[in-house]
1. Which residues, taken from segment 85-100, are touching a helix residue (DSSP H, G or I) at 6+ places or on another chain (Cβ under 9 Å), in a loop (DSSP other than H, G, I, E, B) and among the charged types (D, E, K, R)?
2. What are the residues in segment 1-36 that are closer than 18 Å to His72 by Cβ, buried (at least 17 other Cβ atoms within 10 Å of the Cβ) and among the aromatic types (Phe, Trp, Tyr), if any?
3. Would you be able to tell me the number of residues in segment 101-134 that are outside any helix (DSSP H, G or I) and either within 27 Å of Glu46 (Cα to Cα) or among the β-branched types (Val, Ile, Thr) (or both)?
4. Within the set of pairs 6 or more residues apart or between chains, which connect a residue that is in contact (Cβ under 8 Å) with a residue 24 or more places away in the chain inside segment 1-21 to a residue that is of a type in the set (Ser, Thr, Tyr) and not in a strand (DSSP E or B) with Cβ atoms less than 8 Å apart?
5. Pairs only if they're at least six apart or on different chains, beta carbon under 6 angstrom, first in segment 72-86 and farther than 16 Å from Leu47 by Cβ, second not in a strand (DSSP E or B); list them, first residue then second.
6. Does Ser120 satisfy the condition of being out of contact with any His (no Cβ under 8 Å at 6 or more places or on another chain), among the polar types (S, T, N, Q) and surrounded by 10 or more Cβ atoms within 10 Å (Cβ to Cβ)?
7. Please list, ordered by residue number, the strands (runs of 3 or more DSSP E) wholly in segment 1-40 having 1 or more residues that are in the same structural domain as Ala79 (by TED's automatic domain parsing), closer than 16 Å to Pro63 by Cβ and touching an Asp or Glu at 6+ places or on another chain (Cβ under 8 Å).
8. Could you tell me whether Ile71 is out of contact with any Leu (no Cβ under 6 Å at 6 or more places or on another chain) and of a type in the set (A, V, I, L, M)?
Amino acid sequence: MKKVERYFYPAIFTYEDRQEIAVTFPDLDAATSGENEDDALISARELLGCVLYGLEEDREQIPSPTPLSKIHTEENERAVLVDVYMPSIRMAQVNRSVSRTVTLPAWLNAAALERNVNFSQILQEALKRELHLS
(Lines give C-alpha, C1' and ligand atoms only; values in the text may rest on other atoms or scores of the structure.)
Protein backbone atom coordinates (compact mmCIF):
# COMPACT_ATOMS: atom_id res chain seq x y z
CA MET A 1 0.00 0.00 0.00
CA LYS A 2 1.41 3.38 -1.04
CA LYS A 3 1.85 5.81 1.81
CA VAL A 4 0.32 9.27 1.61
CA GLU A 5 2.88 11.96 0.80
CA ARG A 6 1.05 15.00 2.15
CA TYR A 7 -1.74 15.35 4.66
CA PHE A 8 -3.96 18.39 5.17
CA TYR A 9 -5.86 18.83 8.45
CA PRO A 10 -7.81 21.75 9.87
CA ALA A 11 -6.51 23.31 13.06
CA ILE A 12 -8.14 25.87 15.28
CA PHE A 13 -5.92 28.75 16.39
CA THR A 14 -7.25 30.30 19.61
CA TYR A 15 -6.16 33.81 20.58
CA GLU A 16 -6.20 35.04 24.20
CA ASP A 17 -4.64 38.24 25.54
CA ARG A 18 -1.06 37.80 26.80
CA GLN A 19 -1.08 34.05 26.14
CA GLU A 20 0.45 31.83 23.53
CA ILE A 21 -1.74 30.95 20.57
CA ALA A 22 -3.38 27.60 21.31
CA VAL A 23 -3.63 25.20 18.37
CA THR A 24 -5.96 22.21 18.37
CA PHE A 25 -6.61 19.54 15.75
CA PRO A 26 -10.26 18.53 16.27
CA ASP A 27 -9.94 15.41 14.09
CA LEU A 28 -6.88 14.13 15.93
CA ASP A 29 -7.50 15.11 19.56
CA ALA A 30 -4.10 16.81 19.63
CA ALA A 31 -2.99 20.28 20.71
CA THR A 32 0.07 22.53 20.83
CA SER A 33 0.79 26.25 21.03
CA GLY A 34 3.07 28.98 19.74
CA GLU A 35 4.31 32.40 20.82
CA ASN A 36 3.11 33.99 17.56
CA GLU A 37 1.39 32.83 14.37
CA ASP A 38 4.61 31.65 12.71
CA ASP A 39 5.65 29.68 15.79
CA ALA A 40 2.13 28.27 16.19
CA LEU A 41 2.07 27.09 12.56
CA ILE A 42 5.50 25.48 12.87
CA SER A 43 4.45 23.75 16.10
CA ALA A 44 1.22 22.63 14.43
CA ARG A 45 3.10 21.09 11.48
CA GLU A 46 5.53 19.32 13.80
CA LEU A 47 2.70 17.94 15.92
CA LEU A 48 0.68 16.89 12.87
CA GLY A 49 3.68 15.03 11.48
CA CYS A 50 4.37 13.26 14.78
CA VAL A 51 0.76 12.22 15.31
CA LEU A 52 0.27 10.94 11.77
CA TYR A 53 3.65 9.17 11.74
CA GLY A 54 2.70 7.43 14.99
CA LEU A 55 -0.63 6.34 13.53
CA GLU A 56 1.09 5.03 10.40
CA GLU A 57 3.70 3.12 12.40
CA ASP A 58 1.06 1.60 14.68
CA ARG A 59 -1.04 0.75 11.61
CA GLU A 60 -4.00 2.55 13.09
CA GLN A 61 -6.77 4.12 11.07
CA ILE A 62 -5.98 7.69 10.07
CA PRO A 63 -9.12 9.79 10.48
CA SER A 64 -10.45 11.72 7.53
CA PRO A 65 -9.95 15.45 7.92
CA THR A 66 -13.02 17.61 8.35
CA PRO A 67 -13.36 20.09 5.47
CA LEU A 68 -12.15 23.53 6.55
CA SER A 69 -15.53 25.02 5.60
CA LYS A 70 -17.23 22.80 8.18
CA ILE A 71 -15.06 23.85 11.11
CA HIS A 72 -16.97 26.10 13.52
CA THR A 73 -15.01 28.74 15.40
CA GLU A 74 -15.63 31.24 18.15
CA GLU A 75 -14.90 34.97 17.86
CA ASN A 76 -11.32 34.56 19.15
CA GLU A 77 -10.58 31.54 16.93
CA ARG A 78 -9.48 31.00 13.34
CA ALA A 79 -9.59 27.79 11.32
CA VAL A 80 -6.30 27.12 9.54
CA LEU A 81 -5.50 24.33 7.09
CA VAL A 82 -2.19 22.77 8.14
CA ASP A 83 -0.23 20.49 5.85
CA VAL A 84 2.63 18.11 6.51
CA TYR A 85 4.98 16.49 3.99
CA MET A 86 5.37 12.95 5.31
CA PRO A 87 8.49 11.80 3.39
CA SER A 88 10.49 14.37 5.39
CA ILE A 89 8.92 13.21 8.65
CA ARG A 90 9.57 9.57 7.85
CA MET A 91 13.17 10.21 6.85
CA ALA A 92 13.79 12.19 10.05
CA GLN A 93 12.89 9.05 11.96
CA VAL A 94 15.58 7.07 10.19
CA ASN A 95 18.80 7.62 12.08
CA ARG A 96 21.32 6.54 9.51
CA SER A 97 24.07 8.28 7.64
CA VAL A 98 24.33 8.54 3.89
CA SER A 99 27.44 9.28 1.89
CA ARG A 100 27.54 12.33 -0.39
CA THR A 101 30.29 13.40 -2.75
CA VAL A 102 31.00 17.12 -2.80
CA THR A 103 33.24 19.15 -5.07
CA LEU A 104 35.49 21.83 -3.56
CA PRO A 105 38.15 24.10 -5.00
CA ALA A 106 41.58 22.55 -4.34
CA TRP A 107 42.76 25.56 -2.31
CA LEU A 108 39.73 25.33 0.00
CA ASN A 109 40.19 21.60 0.49
CA ALA A 110 43.88 22.11 1.31
CA ALA A 111 43.12 24.90 3.81
CA ALA A 112 40.48 22.78 5.53
CA LEU A 113 42.74 19.72 5.72
CA GLU A 114 45.55 21.87 7.14
CA ARG A 115 43.22 22.96 9.96
CA ASN A 116 41.85 19.43 10.60
CA VAL A 117 38.30 20.46 9.66
CA ASN A 118 35.67 17.77 10.07
CA PHE A 119 33.99 18.04 6.65
CA SER A 120 30.99 15.93 7.62
CA GLN A 121 30.24 17.95 10.74
CA ILE A 122 30.62 21.30 8.95
CA LEU A 123 28.36 20.19 6.10
CA GLN A 124 25.69 18.92 8.52
CA GLU A 125 25.75 22.16 10.52
CA ALA A 126 25.58 24.28 7.35
CA LEU A 127 22.66 22.26 5.95
CA LYS A 128 20.74 22.48 9.22
CA ARG A 129 21.30 26.24 9.34
CA GLU A 130 20.28 26.66 5.69
CA LEU A 131 17.14 24.56 6.18
CA HIS A 132 16.27 26.19 9.52
CA LEU A 133 16.46 22.89 11.38
CA SER A 134 17.59 22.53 14.96
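1. Scanning segment 85-100 gives a single hit, Arg100.
2. Listed by number, the residues that qualify are Tyr9, Phe13, Phe25.
3. Qualifying residue count, segment 101-134: 8.
4. Pro10/Thr66; Ile12/Thr73
5. Short answer, once both residue conditions are applied: Asn76/Tyr15; Ala79/Leu68; Ala79/Ile71; Ala79/Thr73.
6. It is true that Ser120 is out of contact with any His (no Cβ under 8 Å at 6 or more places or on another chain), among the polar types (S, T, N, Q) and surrounded by 10 or more Cβ atoms within 10 Å (Cβ to Cβ).
7. 6-14
8. Yes: the conditions hold for Ile71.
The values are calculated or read from the model by the stated rules, or taken from the named source; none is laboratory data. Please read all numbers here as calculations on a predicted model, not as lab measurements. We place every Cβ from the backbone using ideal geometry, glycine too, and count neighbours over all the protein chains shown.
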